[in-house]
Each structure stands twice: as C-alpha cells, then as structure tokens.
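Here the structure is laid out as structure tokens; the discussion comes afterwards.
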Amino acid sequence: MSETLRPFENEKDSLVIDALTIENRIDQLEVYGSLAITRDKIGLAHALQLKQILDAAVSALQNDPALPDQIAFKPSDQVDNPFK
C-alpha cells in the first residue's frame with residue numbers, strides 16, 4: 001500500500017483503487033467509481049487499502065475537537081454552456 005492520502009488535509013490528493021477514485025478535500029472526501037473486492041490476493045489488497053483510508057478518515061473525524069454537527073456547502077456558480 002504505497003499510495004495513501006491524509007483525509008481532510010488538502011485539496012490536491014487523490015487515490016485510485018481499481019476503478020474507485022477518492023479525492024481529498026478540506027471538508028470532505030469525494031468517492032466515486034466502482035471497486036470489486038474479489039476473493040483473492042488482489043481483492044484483499046484493495047480491501048486493505050480502502051480500509052486504511054476509511055480508518056484514517058474516521059480517526060481524523062473522531063479526533064477533531066471542532067467537528068461541526070453538519071457543514072454547509074456553498075451553492076456552486078452556474079455558468080452558461082459555451083458550446084450552445
């Protein structure tokens with residue numbers, strides 16, 4: 001497991017496990033794609049890598065004394081489609 005990220009520490013890190021992407025943000029982790037955890041050594045490696053990231057995220061959240069009840073997302077800016 002050479003690749004890792006430190007949850008909630010920056011806006012630039014991302015990690016790919018098979019076809020699953022995890023993007024780091026200061027206020028959230030964005031997870032999208034798919035991941036097959038197969039019953040073999042590759043599946044085990046994928047499961048352990050995902051567990052490592054989730055364990056780090058849970059630890060960061062549990063150890064944050066200023067953890068809010070819920071964060072508020074700013075609505076994204078709407079832009080005109082330049083291809084119209």
Scan segment 1-12 for residues that are touching an Asp or Glu at 6+ places or on another chain (Cβ under 8 Å) and either closer than 22 Å to F73 by Cα or outside any loop (DSSP other than H, G, I, E, B) (or both) and report the count.
-> 2
How do the pairs read when you match residues in segment 47-66 that are under 17 Å from Q28 (Cβ atoms) with residues anywhere that are loosely packed, with under 11 Cβ neighbours inside 10 Å and modelled with pLDDT of 95 or more, using Cβ under 9 Å and keeping only pairs 6 or more apart or on different chains?
-> L61/L67
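Each row is one residue, and each column tells you yes or no for (1) touching a Leu at 6+ places or on another chain (Cβ under 7 Å); (2) closer than 21 Å to V16 by Cβ.
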| site | (1), (2) |
| --- | --- |
| K41 | no, yes |
| H46 | yes, yes |
| K51 | no, yes |
| L54 | no, yes |
| D69 | no, no |
| D80 | no, no |
Of residues in segment 53-84 being open to solvent by 60 Å² or more (accessible area, probe 1.4 Å) and polar (S, T, N, Q), the one farthest from the chain's Cα centre (by Cα) = N81
Kindly check whether there is at least one residue in segment 39-52 that is open to solvent by less than 100 Å² (accessible area, probe 1.4 Å) and outside any helix (DSSP H, G or I).
-> yes
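The values are calculated or read from the model by the stated rules, or taken from the named source; none is laboratory data. Small disclaimer: the values here were computed from a predicted structure and weren't measured. Every residue, glycine among them, receives a Cβ derived from its backbone with ideal geometry; neighbour counts consider all protein chains shown. For accessibility, only protein heavy atoms count, side chains too; no ligands or nucleic acids. Shrake-Rupley method; radii C 1.70, N 1.55, O 1.52, S 1.80 Å.
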